[in-house]
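A.B. asks: Starting off with a structure, shown below.
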């Protein structure tokens, strides 16, 4: 009788503007098992999209990534995260403005926090961006999955104007930069 081998997965939680962009880009990587759009870091129980968009809940739009560290390590996920958003703009990504669009890494362990802080220090030293990195590194708070219609948003809405203008180009940028790591 054959037994299934369980794969030990880990979680990563990132906020970098609209969760549709992060979800569409990161789900393309080998080793990423799932990407769930949601909310984290606020003070309201059971937030919803409209309340988070108001900026009043304190939540950030985030993605929670389940990944196989034997295939893709946390540092590579961080590299992808930094490649697809601007970590130097406080509380905004492009035309999306507000604390819900902040650049944040919610670390699931002290090791993730250390890796994230080390990467920010390296990117700063290398002067990858002309402005300082404002990405916060914080312990992971409770994660609230977003409403079903936000999951797989680009795949389900490829002709929506925001998807065509913003989401699809970020997913394409990731494909170009990480072409050897795509599913």
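A.B. asks: Let me confirm something: among 126, 147, which residue is more than 18 Å from residue 61 (Cβ to Cβ), at pLDDT 95 or above and out of contact with any strand residue (DSSP E or B) (no Cβ under 6 Å at 6 or more places or on another chain)?
C.D. replies: When all the criteria are applied, what remains is 126.
A.B. asks: Tell me which strands (runs of 3 or more DSSP E) are completely within the range 92-157 and hold 1 or more residues being in contact with a helix residue (DSSP H, G or I) (Cβ under 8 Å, 6 or more places away or on another chain), or say none if there are none.
C.D. replies: 103-107, 136-139
A.B. asks: Being surrounded by fewer than 24 Cβ atoms within 10 Å (Cβ to Cβ), at pLDDT 95 or above and out of contact with any strand residue (DSSP E or B) (no Cβ under 8 Å at 6 or more places or on another chain), is that true of even one residue in the range 25-38?
C.D. replies: The answer is no, given that none of the residues of the range 25-38 is surrounded by fewer than 24 Cβ atoms within 10 Å (Cβ to Cβ), at pLDDT 95 or above and out of contact with any strand residue (DSSP E or B) (no Cβ under 8 Å at 6 or more places or on another chain).
A.B. asks: Report yes if residue 168 is crowded, with 16+ Cβ neighbours inside 10 Å and either at negative phi or not in a helix (DSSP H, G or I) (or both), otherwise no.
C.D. replies: Taking the combined requirement at face value, the residue satisfies it.
A.B. asks: Which members of the range 98-150 meet the condition of being without any contact (Cβ under 8 Å) to a residue 40 or more places away in the chain, more than 15 Å from the chain's Cα centre (by Cα) and within 17 Å of residue 22 (Cβ to Cβ)?
C.D. replies: Correct list: 149 only.
A.B. asks: Now, a different point. From the list 86, 180, which one is part of a helix (DSSP H, G or I) and either out of contact with any strand residue (DSSP E or B) (no Cβ under 7 Å at 6 or more places or on another chain) or surrounded by 14 or more Cβ atoms within 10 Å (Cβ to Cβ) (or both)?
C.D. replies: 180
The values are calculated or read from the model by the stated rules, or taken from the named source; none is laboratory data. Every value quoted in this text rests on a predicted model; they were computed, and no experiment measured them. Glycine also receives a Cβ, built like all others from the backbone with ideal geometry; neighbour counts cover every protein chain displayed.
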